[in-house]
Structure formats: C-alpha cells, structure tokens
Protein chains: 2
Amino acid sequence: MTPDEFRENGKKMIDWIADYYEQIEKYPVLSQVQPGDISCQLPEQAPEQGESMSDIMADVDRIIMPGITHWQSPNFFAYFQSNSSFPSILGDLLSSGLGVQGMLWATSPACTELETRVMDWLVDLMGLPEHFKSTDSGGGVIQDTASSAALAALLAARERKTNYRSHQTGDTAGLVAYISTQTHSSLEKGVKIMGLGTDRLRKIAVDPRFAMDPLELEKQIVQDLAAGMKPFFVCATIGTTSSNAVDPVRRIGEICQKYDLWLHVDAAMAGSAALLPDYRHYFDGLELADSYAFNPHKWLFTNFDCDCFWVADKAALIKTLSILPEYLKNEATEQGAVIDYRDWHIQLGRRFRSLKLWFVLRHFGAEGLRHHIRQHLELTGEFVAMVQSSDDFELLNQPPFNLVCFRHKAGNTFNKQLMDTINRTGRLFFTHTVLNEQFWLRMSIGQTQTELRHLKDAWQLITQQAKTLPLPPENN
Amino acid sequence: MTPDEFRENGKKMIDWIADYYEQIEKYPVLSQVQPGDISCQLPEQAPEQGESMSDIMADVDRIIMPGITHWQSPNFFAYFQSNSSFPSILGDLLSSGLGVQGMLWATSPACTELETRVMDWLVDLMGLPEHFKSTDSGGGVIQDTASSAALAALLAARERKTNYRSHQTGDTAGLVAYISTQTHSSLEKGVKIMGLGTDRLRKIAVDPRFAMDPLELEKQIVQDLAAGMKPFFVCATIGTTSSNAVDPVRRIGEICQKYDLWLHVDAAMAGSAALLPDYRHYFDGLELADSYAFNPHKWLFTNFDCDCFWVADKAALIKTLSILPEYLKNEATEQGAVIDYRDWHIQLGRRFRSLKLWFVLRHFGAEGLRHHIRQHLELTGEFVAMVQSSDDFELLNQPPFNLVCFRHKAGNTFNKQLMDTINRTGRLFFTHTVLNEQFWLRMSIGQTQTELRHLKDAWQLITQQAKTLPLPPENN
C-alpha cells in the first residue's frame with residue numbers, strides 16, 4: 001500500500017468510524033450471535049493472494065459487525081465501561097502511525113518524557129499525593145490494565161518485605177496478603193501468578209456497605225503475626241466492581257503503617273471522580289498508599305488500554321522489575337539521568353500510550369473532563385430517583401459514584417430472567433452481581449455519549465419487561 | 001468533538017501519517033535530544049480549557065517529533081525491528097474506533113472468534129504443529145509481548161508440574177527452570193515475577209554458534225534431579241536476541257520429554273521466517289514444544305503490540321490462569337461452548353488486536369508476506385557480502401536469518417566509538433551486543449521499507465567513518 005493509497009483508505013476508515021458513531025444506537029448493544037456464528041463465515045485458510053481494502057471492509061460489515069457488542073453505545077451499562085472519545089482515537093492513531101517502541105528512554109525520548117509529564121499533570125488534576133510525582137520520591141507509569149498494575153504492586157511489596165531478596169532466592173515463606181471479599185479478582189490472580197498461592201491470601205470481611213472492615217483486617221494481621229507469618233500487602237478499593245463500595249483508605253493505611261505492609265489502592269473505575277473536589281473525601285488517606293491505580297480507559301474517555309499507576313517510592317518498583325542485558329545498554333541509561341519505563345512493568349516493549357491520554361487532557365481540558373464526569377454522576381442520581389419511584393424495585397444503597405445496584409423485589413430468578421430478556425432485545429446491555437446471595441442488577445453509567453434520554457428509555461424498558469414476566473410463585 | 005469534526009481531524013491525521021512516511025528518511029533516525037529536552041517544553045500543568053486539534057498537532061510537530069526515534073525508518077537497524085504497515089495501521093484504527101473489550105467471548109464474540117481463526121491460519125501458513133490449532137488439543141492467543149507469553153508459559157509449566165496446586169499452596173519447592181546464557185532477559189524477569197527466584201534458574205552453556213548445548217542441558221537436569229530438585233521448564237530460542245542463534249529444538253525437546261519438562265520455544269523475531277518452507281529446518285522439533293511464541297509486531301508488518309502464543313494443551317493454560325468472579329458469569333461461558341481469552345493471559349481486559357493481524361494477512365496475502373520476508377533475507381545476504389568484501393571488518397558468522405553481527409578488527413573501544421559516532425549522525429541507527437567479551441555491531445534487517453540502497457548507504461557510512469576514527473594503539 002502506497003502512502004497515497006493509505007490516504008484514500010485511511011479517509012474511508014475515518015468516515016466508516018464517524019458513520020459508526022452516528023448510527024451506533026441502531027445496533028443491538030449486546031451481540032445476538034451464537035457461538036461459532038462468526039467463525040463459520042471465515043475461510044479455513046488465509047488467502048494466498050492479497051485482497052483489496054474494499055473486500056476486507058465488506059467482510060467487516062457483513063461478518064464482524066454482527067459479532068460486536070457495542071461498548072461505545074450510549075445504551076451500554078454493563079460491567080464497567082471501557083469508554084472512549086474521538087480525540088483519544090486520534091491520539092491512538094498517531095501512536096500506531098509513529099510505531100515507536102518506548103522500552104527505553106533512548107528508544108524514543110518523547111514517549112517517556114510525555115508520559116512522565118501527563119502522569120504528573122494527573123496528580124495535580126486529581127489532588128493525589130504530591131509524592132506520587134516523578135519530581136518527588138514517586139512517579140507514574142501507564143500500564144495496560146489494573147490487573148498488571150496490581151501485579152506490579154504485589155511484586156514490589158514482596159521484594160520490599162524480603163529486602164529485595166525474594167526475586168533471587170524465591171523465598172516467600174510466611175508472606176501474607178490481604179484483600180476484602182469484594183476486591184477485584186485480578187488481585188487473587190496476581191497472588192497466584194507471583195507464586196504466593198491463594199492459601200496466603202486473606203479475604204477480609206466487609207461491613208454492610210461492602211467496604212473492608214478495618215477492625216477485621218487488623219485482627220487478622222495480628223493473628224497472622226502471632227502465628228509467625230509475615231503480613232506484607234493490602235489492597236484497598238475505591239469503588240469495588242460489584243457495588244462500588246469504598247474501603248476506608250485512611251484507616252487501612254494507618255494499619256499498614258503500624259505493621260509495615262504495602263498499601264495498594266485500586267480505583268480503576270471510580271478514580272476519575274477525583275477530578276471533582278467534592279468527591280475527594282472518598283480518596284481520603286491516599287497519601288498513606290504505596291501505590292495507586294485508576295483507568296482512564298474506563299471512565300476518562302481514553303480508549304483501551306490505559307491504566308495509570310503511581311508509586312510513592314519509585315526505587316522499590318525499579319529494583320523489583322529492572323533487568324539490563326547487554327543489548328539494551330546505552331549511555332542515557334548508564335548515566336541514570338532518565339526513566340526507562342521497561343523497569344516499571346512486566347513487559348519489555350511498550351507502545352506510545354501517553355499520546356492518547358495527552359490528546360484527551362488537552363482537547364477536553366480539565367474543565368471539560370470535570371463537566372463530563374459530573375454529568376455522569378448527575379445521570380446516576382436521575383436513575384436512582386427512577387428506581388426509588390417504583391414500588392416493585394429496590395436500591396442496594398445510595399451509590400457513591402456512577403454504579404447503580406438495584407433489583408426487582410420478586411427475587412433472584414426473576415431478576416436474572418428480567419436481565420436476560422432485556423439484553424436479548426439488544427436495546428440496552430447491563431449485567432449483574434451477587435451480594436449476600438441476592439442477585440442484583442448493575443447499571444454502570446459512564447459511557448461517553450450517554451444522556452438522560454437513554455436512561456429514561458432503559459428504565460421504561462426495564463419496568464415494562466418486569467410487568468410482562470410471570471412472577472415466581474414464591475419470592476426467593 | 002462531533003462526528004463531523006472527527007471526519008475533518010481524522011482525515012488530517014491520515015494525511016499527517018502519510019506525509020510522515022513519505023518524509024521519514026529526512027529525520028535523524030535516532031533522536032538527537034538530551035534528557036529533559038522534551039519535558040522542559042511541556043507545560044507544568046494540564047490546560048484548564050480545552051484546546052484545538054490544530055494546536056495539539058502543532059505541538060506534536062514542534063515538541064514531540066524531535067524526541068522520536070524513528071522505528072519505521074528504512075534506516076532503522078537497531079535491536080530487533082518493531083515493524084508496521086499501512087494495512088496494520090488501518091486495522092488498529094478500526095480497533096480503536098470500535099473500542100470493544102474482548103475479555104469474554106460474550107463481550108464481543110467476533111473479537112474472540114476472529115482471533116482464534118487467524119491464529120489457526122498461521123499454524124498452516126507457517127507449518128506449525130497441527131496440535132497448536134484450536135480445533136485440536138491446543139490453541140493460540142494474541143499476547144501483548146513475548147515477555148508476557150514467556151511468563152504465561154512459565155506459570156502453566158509450574159502448575160502442570162505441581163498438579164495445579166502451586167497457585168493455591170504457593171509451594172514451588174525444588175522447581176528448576178533452564179535457559180541458555182543467550183536466552184532473552186524476559187525469561188529471567190519471568191522467573192523473578194513468578195516467585196521462583198533466579199537461584200533456581202540455570203543458564204546452560206552455549207556452543208561456538210551460541211546455541212544451547214543439549215549435552216550440558218541434560219547434564220544439569222540429571223545433576224539437579226540427583227540433588228532432589230524438580231526440573232520443570234526449558235526455554236529454547238529460535239533466533240536469540242544477541243546473535244540470532246538457533247537452539248536445537250528437537251534435541252532439547254527430546255530431553256524435555258525424557259524428564260517431563262515443559263518446553264517453551266521463543267522465536268519472537270525469527271518466527272516470521274517459518275513462512276518460507278526452505279527455512280523450516282530451523283524449526284525442526286517444534287512438535288515437541290508445549291508452547292511457542294513469535295511476534296508479528298517485530299517482523300510481520302503488524303504494529304505493536306501483537307505477540308502470537310500457542311500452547312499444545314490449552315487446558316493446562318486455562319487451568320492456570322482462569323478465575324471467574326460472579327460479575328463475569330454468563331451463559332456462553334457456563335456452557336463451555338466458547339473461548340474466554342481472559343483465561344489465556346495475565347490481564348483481564350483485552351483490545352481487538354486480531355483485526356490488525358487479519359488486515360495484514362488479507363492485504364498482503366500469504367504470497368506477499370513470503371515475498372517481503374524473503375526480500376529481507378536476501379538483503380541480509382547482500383550486507384553480509386559487503387562485510388566480507390572488506391579487510392577491516394569481520395563477520396561473527398553466516399547469519400541464519402536477518403541479523404548480521406560484525407565488527408571492525410580494531411577492537412572493542414573502536415567499535416563502540418564507531419557505532420556511537422554513526423548513530424549521532426542520525427543517518428542510521430544500529431546497536432550492539434557483547435559475545436565472548438567482544439563488542440559486536442548488530443544490523444537487524446527487517447524494517448518494512450528497507451531496500452538495497454539503504455544498506456549500501458549504511459555500509460558506505462560505516463566504512464567511511466571507520467577510516468576517519470583514530471585506530472587504538474593496541475587492539476583489544
């Protein structure tokens with residue numbers, strides 16, 4: 001493909017994407033295909049001769065699109081959002097076009113220095129602890145996902161606790177990590193990956209609001225210490241996945257300081273709310289955290305993948321993950337004057353991800369970002385009011401952020417049927433969780449283009465469907 | 001930004017990228033900036049008000065571009081390539097535009113089914129073992145990097161060896177992993193991450209061609225067994241990073257079978273050569289591998305990140321990495337009728353990466369891909385001939401693939417000076433390695449647009465510079 005053919009095909013692709021967003025509400029939000037429906041339309045073999053872009057795009061329309069669940073639809077309320085925006089798509093396109101590999105400062109200085117700068121910007125924008133800044137003891141890095149960030153935190157914590165010997169000796173004897181029963185599954189996965197084993201992961205009980213109970217945490221730590229174990233790590237969550245519960249970061253942080261544990265704080269979704277000063281009380285105590293992660297690819301208009309991860313002590317992270325083979329040696333690294341981000345995460349190679357985040361921060365401006373986040377929070381309030389207006393439905397609680405957990409009073413089976421029936425219409429997509437053995441419906445309200453009318457339509461559909469479904473003989 | 005503004009700005013971005021590729025040879029390949037040169041031009045704070053795309057792009061030109069090392073330049077011969085192509089950029093743009101999250105089959109069936117299909121295509125295209133296919137016992141998945149693939153292989157190997165108990169008990173007592181002294185550093189990093197510790201990583205000696213010595217491997221395994229250890233994993237490399245050495249996969253595989261070790265084969269760069277039947281002898285024995293990785297983002301015209309990872313037994317990988325919290329439960333998963341790729345890697349979230357690979361495979365066709373790979377191999381032969389024509393330079397060996405290791409006969413210091421001086425001109429960028437305490441220059445020839453004229457210019461520059469540098473008093 002020549003540059004001129006790229007101009008032509010690229011502009012068609014831009015129009016295709018613009019058309020897609022203009023028509024996105026016409027698609028069923030949740031793909032309606034069955035397993036194998038897409039596969040069976042794809043040839044068994046790669047083509048021997050090259051094909052034209054128009055043939056390929058015809059197959060995108062015909063074969064791929066029916067198999068898409070439309071995460072960017074304003075009627076997508078499932079899981080947590082993975083939202084996006086046009087400026088972010090453009091920043092990501094520029095990253096693909098430049099095709100640089102930012103493993104070392106030297107392999108593209110701008111890739112490293114822009115990343116460091118936007119991560120420092122976010123510290124100010126979100127009122128995060130000053131020591132997270134690269135100019136202080138800490139620093140930020142863009143990871144792919146909160147799972148990888150959590151794993152990096154676990155590893156740095158392990159090494160700090162073992163005086164940076166575990167990665168050599170493999171000795172993790174007695175180390176114990178703490179999460180709550182509501183912590184994201186990636187922490188459990190991280191504990192498996194790092195070789196600790198889930199037997200040494202304690203799931204601390206939660207209070208009635210599903211937040212980690214700090215008294216239970218301290219009790220368990222004391223008990224483990226008495227048994228000769230080595231407590232080393234706690235993950236606190238601001239906005240759990242099931243119900244957006246907020247763990248008491250300050251109290252947990254004080255316990256971590258008292259017993260010398262690494263505190264990681266996961267605010268993957270809710271972190272964006274820290275843009276709003278009146279929401280910062282949920283983040284109280286964050287200065288006690290050793291590491292912190294939130295995902296602009298969830299609720300900050302930056303397309304996947306973009307997880308922002310900060311540490312209070314960058315030396316701890318680098319000592320844990322650094323490795324320097326001969327073929328990567330270079331003057332800038334040896335002089336110690338630069339950041340080499342390959343020492344801040346699992347992977348060696350890395351893409352120029354800060355471009356899309358920089359595009360978003362500059363295009364929206366701080367003001368624009370605050371405006372959109374506040375709008376989602378207001379929409380959440382509107383949806384809460386709709387649920388409250390109904391006698392048939394109940395709310396789990398007043399949501400702190402943008403996730404509404406609610407259910408029909410007719411019990412678990414009914415709610416599951418209601419959800420499945422509605423999702424099959426393709427008019428919206430939402431998901432569920434189970435809390436205290438009850439099946440709760442989850443509406444996550446953070447898609448870039450969601451407006452009040454989408455929530456009104458959603459509520460109308462939910463209540464109408466609820467009326468058509470047979471009520472179970474006995475509520476469960 | 002409205003869809004119409006996106007059309008306008010997007011088309012400008014397409015033109016910007018096309019212009020970039022048309023002018024790419026005018027840029028210094030290696031960025032010439034000093035540490036802090038980019039940072040100091042970026043404001044200390046994010047903007048309060050939103051800014052226009054034209055302001056942002058003006059800063060890209062003015063601030064960012066001088067800090068770019070041009071990986072897509074045909075004069076880029078450093079490290080291993082991270083090459084790209086226009087169809088790949090378009091596939092990646094489509095992925096950014098759709099913004100889907102493929103963690104589960106249900107979250108976008110096409111994202112999973114297309115990936116499975118292109119991974120199966122590659123098995124046929126490259127003559128890989130049939131049991132790597134998803135329709136057989138194995139299956140393929142796109143990982144971000146070969147580092148993550150190697151980590152996944154290490155973890156599955158650990159679990160298989162411990163009857164899938166280690167991720168619960170954390171018991172890795174006695175496990176020992178084997179690599180060669182030339183294996184990529186990501187394996188050592190993986191061993192640290194997984195909690196084994198580098199004390200239990202054996203670096204097996206290499207033969208004069210820098211390939212793992214299978215006799216040494218077996219000797220070490222026998223010795224470890226006698227000492228009560230549990231050998232569990234070997235990584236063999238096809239095309240090492242330093243010198244493109246090829247480990248004897250069949251002999252290593254036979255040893256692994258004899259002693260029940262997991263064999264991972266890393267062909268991150270050289271894997272693309274398997275497209276050519278006359279290069280398949282280097283891959284002999286691959287049917288004995290438990291896992292295999294190569295990177296289309298290195299030498300198959302697919303922009304970063306795209307690592308293809310296959311396992312012979314998908315159940316082993318899934319049992320190792322699977323975790324299913326309530327909020328991810330869905331019908332398709334529970335029926336077991338689908339692949340949920342989140343269980344195949346570290347991360348939970350995943351982008352629609354198969355689109356760019358599908359675009360590349362279809363646009364080039366098998367024929368086109370073979371043509372381009374063969375061309376790079378022929379260019380490598382031409383460069384080898386240039387080095388051989390000189391009395392001042394020597395070759396490390398006849399390169400098996402597309403990496404030439406060579407040096408001026410005037411010794412280590414001279415070669416380092418030669419390389420640094422040339423890289424500072426910006427006319428080309430190449431890097432080095434150290435083998436047997438000798439400093440060797442590396443020319444990796446795999447950038448999409450590299451032609452014979454670029455190699456001729458490179459050789460002319462290298463030989464001219466060598467004549468202007470003072471020879472050391474005594475060769476070292």
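The values are calculated or read from the model by the stated rules, or taken from the named source; none is laboratory data. These figures come from a predicted structure and were not determined experimentally. Here Cβ is always computed from backbone atoms with ideal geometry, including for glycine, and neighbour counts include all displayed protein chains. Accessible surface areas use protein heavy atoms only, side chains included; no ligands, DNA or RNA. Shrake-Rupley method; radii C 1.70, N 1.55, O 1.52, S 1.80 Å.
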Within the stretch B:424-476, restricting to residues that are of a type in the set (Val, Ile, Thr) and part of a helix (DSSP H, G or I), the one that is surrounded by the fewest Cβ atoms within 10 Å (Cβ to Cβ) is B:THR468
B:SER322: passes all of (1) under 27 Å from B:ALA106 (Cβ atoms); (2) touching a residue at least 40 places away in the same chain (Cβ under 8 Å); (3) in contact with an Asp or Glu (Cβ under 8 Å, 6 or more places away or on another chain) but (2)
Of all residues making up the stretch A:412-423, the number that are surrounded by fewer than 17 Cβ atoms within 10 Å (Cβ to Cβ) and in contact with a Pro (Cβ under 9 Å, 6 or more places away or on another chain) | 1
Are any of the residues in the stretch A:26-42 within 8 Å of chain B (Cβ to nearest Cβ), of a type in the set (Ser, Thr, Tyr), crowded, with 23+ Cβ neighbours inside 10 Å and closer than 30 Å to A:TYR282 by Cα?
-> no
Go through the stretch B:165-217 and give me each residue that's within 8 Å of another protein chain (Cβ to nearest Cβ) and small (Gly, Ala, Ser).
-> B:SER166, B:GLY170, B:SER185, B:SER186, B:GLY195, B:GLY197
Give me the pairs, please: first residue somewhere in the stretch B:50-67 and under 13 Å from A:LEU98 (Cβ atoms), second residue anywhere and in a helix (DSSP H, G or I), beta-carbon distance under 6 Å, and either six or more positions apart or on two chains.
-> B:ILE64/A:ALA110; B:GLY67/A:PRO109; B:GLY67/A:ALA110
Considering the stretch B:70-97, residues that are of a type outside the set (S, T, N, Q) and in a loop (DSSP other than H, G, I, E, B), and then whichever is nearest to the other protein chains (Cβ to nearest Cβ), we arrive at B:TRP71
Assess whether B:ASP307 counts as being facing another protein chain (nearest Cβ under 10 Å), in contact with a strand residue (DSSP E or B) (Cβ under 8 Å, 6 or more places away or on another chain) and of a type in the set (D, E, K, R).
-> yes
Is there a residue being in contact (Cβ under 8 Å) with a residue 24 or more places away in the chain and closer than 24 Å to A:THR107 by Cα anywhere in the stretch B:384-400?
-> no
How many residues are aromatic (Phe, Trp, Tyr) and surrounded by fewer than 24 Cβ atoms within 10 Å (Cβ to Cβ) when one looks only at the stretch B:91-143?
-> 1
Test result for B:PHE233, surrounded by fewer than 24 Cβ atoms within 10 Å (Cβ to Cβ) and either within 30 Å of A:LEU154 (Cα to Cα) or in contact (Cβ under 8 Å) with a residue 60 or more places away in the chain (or both) = no
Using the structure shown, decide if A:SER147 is within 24 Å of A:ILE373 (Cβ to Cβ), touching a residue at least 24 places away in the same chain (Cβ under 8 Å) and either at the interface with chain B (Cβ under 7 Å from one of its Cβ atoms) or open to solvent by 10 Å² or more (accessible area, probe 1.4 Å) (or both).
-> yes
Filtering the stretch B:155-164 for residues that are in contact with a helix residue (DSSP H, G or I) (Cβ under 7 Å, 6 or more places away or on another chain), open to solvent by less than 60 Å² (accessible area, probe 1.4 Å) and more than 7 Å from chain A (Cβ to nearest Cβ) leaves a count of 4
Before we move on, is A:GLY365 at pLDDT below 95 and either in contact with a Phe, Trp or Tyr (Cβ under 6 Å, 6 or more places away or on another chain) or more than 30 Å from A:THR463 (Cα to Cα) (or both)?
-> no
Taking the options A:ALA58, A:ALA18, A:ALA46, name whichever one is more than 7 Å from chain B (Cβ to nearest Cβ) and of a type in the set (A, V, I, L, M, F, W, C).
-> A:ALA58
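Table: residues versus (1) of a type in the set (Gly, Ala, Ser); (2) in contact with a helix residue (DSSP H, G or I) (Cβ under 8 Å, 6 or more places away or on another chain); (3) not in a helix (DSSP H, G or I).
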{"residue": "B:GLY349", "(1), (2), (3)": "yes, yes, yes"}
{"residue": "B:LEU361", "(1), (2), (3)": "no, yes, no"}
{"residue": "B:ILE373", "(1), (2), (3)": "no, yes, no"}
{"residue": "B:GLY381", "(1), (2), (3)": "yes, no, no"}
{"residue": "B:VAL384", "(1), (2), (3)": "no, no, no"}
{"residue": "B:GLU394", "(1), (2), (3)": "no, yes, yes"}
{"residue": "B:GLN398", "(1), (2), (3)": "no, yes, yes"}
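Here is a yes/no grid of residues against (1) in a helix (DSSP H, G or I); (2) open to solvent by 30 Å² or more (accessible area, probe 1.4 Å):
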{"position": "A:ILE252", "(1), (2)": "yes, no"}
{"position": "A:LYS258", "(1), (2)": "yes, yes"}
{"position": "A:LEU263", "(1), (2)": "no, no"}
{"position": "A:GLY271", "(1), (2)": "yes, no"}
{"position": "A:ASP278", "(1), (2)": "yes, yes"}
{"position": "A:TYR292", "(1), (2)": "no, no"}
{"position": "A:LEU324", "(1), (2)": "no, yes"}
Among helices (runs of 4 or more DSSP H) completely within the stretch B:148-244, the ones holding 3 or more residues that are among the small types (Gly, Ala, Ser) are B:185-193
Could we say that B:SER390 is closer than 17 Å to B:SER85 by Cβ and among the hydroxyl-bearing types (Ser, Thr, Tyr) here?
-> no
